[in-house]
1. Read phi for every residue in segment 65-81 and hand back ³J(HN,Hα) as whole Hz from Karplus 6.51 cos²θ - 1.76 cosθ + 1.60, θ = phi - 60°, with x for Gly and Pro.
2. Ranking request for peptides 79-89, 43-53: highest mean number of other beta-carbon atoms within 10 Å first, then the rest in descending order.
3. Report, by chain and number, residues whose modeled amide H sits under 5 Å from the one on Arg82, excluding near sequence neighbours (fewer than 5 apart, same chain).
4. Tally Lys/Arg at +1 and Asp/Glu at -1 over every other residue whose Cβ is under 15 Å from the Cβ of Leu86; what's the total?
Amino acid sequence: MTPFLQKLFPTRFHAADQKTEPTVIKEQMAPLPIPPEPKSQKILASLARPEGASLDQLVLLTGWTRHAVRAKLCHLRKAGHRLDCLTPSEDGPRRFRLADTSTDTSDTPSAEASA
């Protein structure tokens, strides 16, 4: 074993030379930082509010382009989330909101259809 390799990897070659178990030095590890909330979760949280969120608000929230936010809304629909598009006021932007599925009865068959 060369002295050069011993300098590069002292703990690896120390055990081989001494025929003893290598000592493991436990370093004090700092606690891992909490990862930031994914942007898709931020979008869902904004859409879950009663007033919903406008496209511009979602762009500011995520830092994405308008096109990317629209694509994410499309992906949410494909994933099974129902979105309501709230009609804009005279000068306000169109707003999107998660549909309330607890009061939705459109998926249940009506009594007239079963008769």
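Please treat every number below as a calculation from the coordinates, not as lab data. Keep in mind it's a predicted model, so treat the numbers as computed, not measured. Using ideal geometry, Cβ is built from the backbone for each residue, glycine included, and neighbour counts are taken over all protein chains shown.
1. Couplings: 7, 4, 5, 5, 5, 4, 5, 5, 4, 5, 5, 5, 5, 5, 7, x, 7 Hz.
2. On the way: 79-89: 11.5, 43-53: 15.3.
Listed from highest to lowest mean packing, they are 43-53, 79-89.
3. Ala99
4. Numbers: positive: Arg49, Arg82, Arg94, Arg95, Arg97; negative: Glu51, Asp56, Asp84, Glu90, Asp91, Asp100.
Within the 15 Å Cβ shell, the charges total -1.
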